[in-house]
1. Under unit Cβ charges (Lys, Arg +1; Asp, Glu -1), what dipole magnitude, rounded to 20 debye, does segment 117-267 have relative to its Cα centre?
2. What's the local net charge at Arg208, with K and R +1, D and E -1, over the other residues with C-beta under 10 Å away?
3. What FRET efficiency would be calculated for the residue pair Ala152, Arg92, taking the C-beta separation as r and a Förster radius of 25 Å, to the nearest 0.05?
4. Counting DSSP beta bridges in the chain, what percent are antiparallel, to the nearest 5?
5. About its Cα centre, what dipole magnitude does segment 95-180 give when the only charges are +1 on Lys and Arg Cβ and -1 on Asp and Glu Cβ, stated in debye to the nearest 20?
6. If each residue of separation counts as 0.36 nm, what is the full-extension length gain between Trp138 and Ala261 once their alpha-carbon separation is subtracted?
7. Looking at segment 150-207, which trypsin sites (Lys or Arg not before Pro) are in a loop (DSSP not H, G, I, E or B) and have at most 11 other Cβ atoms within 10 Å?
8. Apply the membrane-span-like helix rule to the chain: whole DSSP H runs, Cα extent along the own long axis of at least 27 Å, mean Kyte-Doolittle hydropathy at least -0.5. List the helices found.
Amino acid sequence: MAAEQHDATLAESTRLVIADVDGTLVTHEKVLTPRAIDAVFALRAAGIKFAVTSGRPPHGMDMLVEPLKLDEPIAAFNGGVITVPGQSAVLRENFLLPEVVRQTVQLIMPHHLDAWLYTDTTWFVRDVSAPHVAREQWTVKFPPTLVHDFGAALEHASKIVGVSDDLALVAGCEKDAQTALGGNPYDNRFRWYFGSSDDLRLNLHVQRFAASPAARFAVRNYETNGHLRIPMVTLHTTGDPITPVWHELLYFLKADTFARAEFIPLPIARYGHCNFTTAELLFAFSAMR
């Protein structure tokens, strides 16, 4: 009886669950497990809709449609392109400005990085044997299209990636990108890195950067505004090496009075990114009002 009451309360307070794909819905080996499938069907049985979002291209999530019986819009490129399951229709596209695309490609090429360009339907590469192409193809379950130049695809680009295993080349490209964009918007002068065998030595030798005010101004439209109007519960591992847990505090300080009352952060004392147990996830859903 208690379990049935809990399910009823959860269904009343939660109407939709949106899940990331890599590292969340699928394993690090990119496998959709029977346990994940069962969890999605359990949500629907409780009257809760389910949808996915990812930095992947639209076709990179086709492999999820049938096993999960997806029927809600799919947000590819983290919302850059929104489609119905199966790609039968595109609901919304947010292409990059062609001039920005050209500038970005021209920035990548001289540094001998391999450039990948994605449109809403196609993944273009200039060398199918380049680093990480095979891995990406295995992940998204469809092959790239080989081209000598990107041509007309520059007018319909949703995502651009510069790829190399040579960290020095990547660092050089990053430095030139900072110059072209007016500086670096990120600051790690007071960041303490941890998780290594010798954190003190790591932090004494890591390169430090100060954020450029001009660059910070340029990215302001891509940041959260703190105007939360619906309840939000967040789970965050305290040892997250990708997104530091203190981002929770920054959002709380940014949030207005109304948003603070709707914001419920749940810190999890563990190392890893999105490294949660099933029980912790269920508790987070139950905490939503």
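Any read-out appearing in this document is the output of simple, stated calculations on the displayed coordinates, not a laboratory observation. This one's a predicted model, so the numbers in the text were calculated from it and none came from an experiment. Glycine also receives a Cβ, built like all others from the backbone with ideal geometry; neighbour counts cover every protein chain displayed.
1. Numbers: 14 positive and 17 negative charges, 78 e Å.
Here the size comes out at about 380 debye.
2. Details: positive: Arg189, Arg191; negative: Asp187.
Net charge around Arg208: +1.
3. Efficiency, from the Cβ-Cβ distance: 0.70.
4. 45
5. Dipole of segment 95-180, to the nearest 20 debye: 160 debye.
6. Values: separation 123, 0.36 × 123 = 44.28 nm, distance 4.37 nm.
Gain on extension, Trp138 to Ala261, equals 39.9 nm.
7. Answer by residue number: Arg189.
8. Qualifying helices, which must be both long enough and hydrophobic enough, do not occur.
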